Amino acid sequence: MSQAEIVAGVLWLSLTAYAVLAGADFGGGVWDLLATGPRAAEQRRAVAEAMGPVWEANHVWLIFLIVGMFTAFPSAFGTLALALYVPFTIGLVGIVLRGAAFAFRAHGREAVGGASMWGVAFGAASVIAPLALATAIAAVTSGHPDLWDTPFAFLLGLFAVAICAYLAATYLTVETEGTPLEADFRRRALLAGLVSGVLALACLALSPIGAPYLWRALVGRGLPLLVLALLNGPLALGAVWFSRPRVARVAVIAQVVFVLWAWALGQWPYLIPPDVTIQVAAAPTGTLTAWLEVTAAGAVLLLPSLWLLFRVFKARNPAAIL
């Protein structure tokens, strides 16, 4: 395996970490916006307590991905940044707005009680950001990076929002285990799981027309992982249904990983199909070597720090630790 391929694999790992961790934060905003019933205030408080200590740290993976792309694959980064300027800008504005709204609301008089202006902004931005970023992904997988506003792209965006909501609700069943809120988030996890499953199948059915390169990737080298994703879906829903929150959390995480890596494996070695490969877009060897060395040194500091962060704050509920 070449240096460029190793770098691409590391960057895909960072995308996976962002989807699994920050995706749940986006989903938390969805459930904050849709909090209902006599325990609505408690639901919002559970979302805030789960996100509060870690949501900023979860964006480390997005920053790492962006910096890695323009360092290691500058020509591909330039192509994507120009072609997808609009959805990227919308997504980044959404990320900034939701962070600001979350912070302002946390220090406001309403805190995490009833709905407020900042709460609505937080929830709306939590929908807009993954929706916009997923339309950009759809454009790349279609082989036409400038076509991010197609029906397939919008459908994939809805799937991204649904899977984020699924992740969040599943995580929150663990965070609230043994309390009345567990049942609230369990029902939401079931709903989000069913919706995301329907949308996933719809995306798969539409991909031969809307994203032919993605379709060929999924039914080619990506097929084994796609099959695992299809088999794992009912397992995850079953774990939610039978009130096995920690099993459900692992299964939903696995669902996201299977889908992302089925795409990566099937599309390999292309960064932007059908023309831009990893080798063609790669920076000079010296740059890749330096990037790998710096990344290895940084990981020695970053990974234990993140582990400690989660350990300290999630240890308040021992069930929240895997």
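Rule-based calculations on the coordinates, nothing more; no lab input. This structure is a prediction, so every number in the text was calculated from the model and none was measured. Cβ atoms come from the backbone with ideal geometry, glycine included; neighbour counts cover every protein chain shown.
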So what's the back-of-envelope 222 nm ellipticity for the chain, counting only DSSP H runs of four-plus at -39500 (n - 2.57) apiece and dividing by all residues, rounded to 500? -27000 deg cm²/dmol
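For Arg311 and Ala41, what does the FRET efficiency come to when R0 = 30 Å and r is the distance between their Cβ atoms, rounded to the nearest 0.05?
0.55
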Could you point to the label whose value was computed as Cα extents along the principal axes in Å for the structure here, given [x] 113, 51, 42; [y] 57, 42, 34; [z] 73, 40, 39? [y]
With everything on Cα atoms, drop me the angle between helix 180-210 and the longest principal axis of the chain, reported from 0 to 90° to the nearest 10. 30
Between Ile63 and Asp146, what FRET efficiency follows from the Cβ-Cβ distance if R0 is 35 Å, with the result rounded to 0.05? 0.90
For the chain, give the magnitude of the charge dipole about the Cα centre (Cβ charges: +1 Lys/Arg, -1 Asp/Glu; no others), in debye to the nearest 20. 700
Chymotrypsin sites (Phe, Trp or Tyr not before Pro) within the range 213-292: which are DSSP loop residues with at most 11 other Cβ atoms inside 10 Å? Phe242
Between rounded, prolate and oblate, where does the range 215-279 land on the alpha carbon gyration tensor, with a ≥ b ≥ c its root eigenvalues, rounded for a/c under 1.5, else prolate if a/b exceeds b/c? prolate
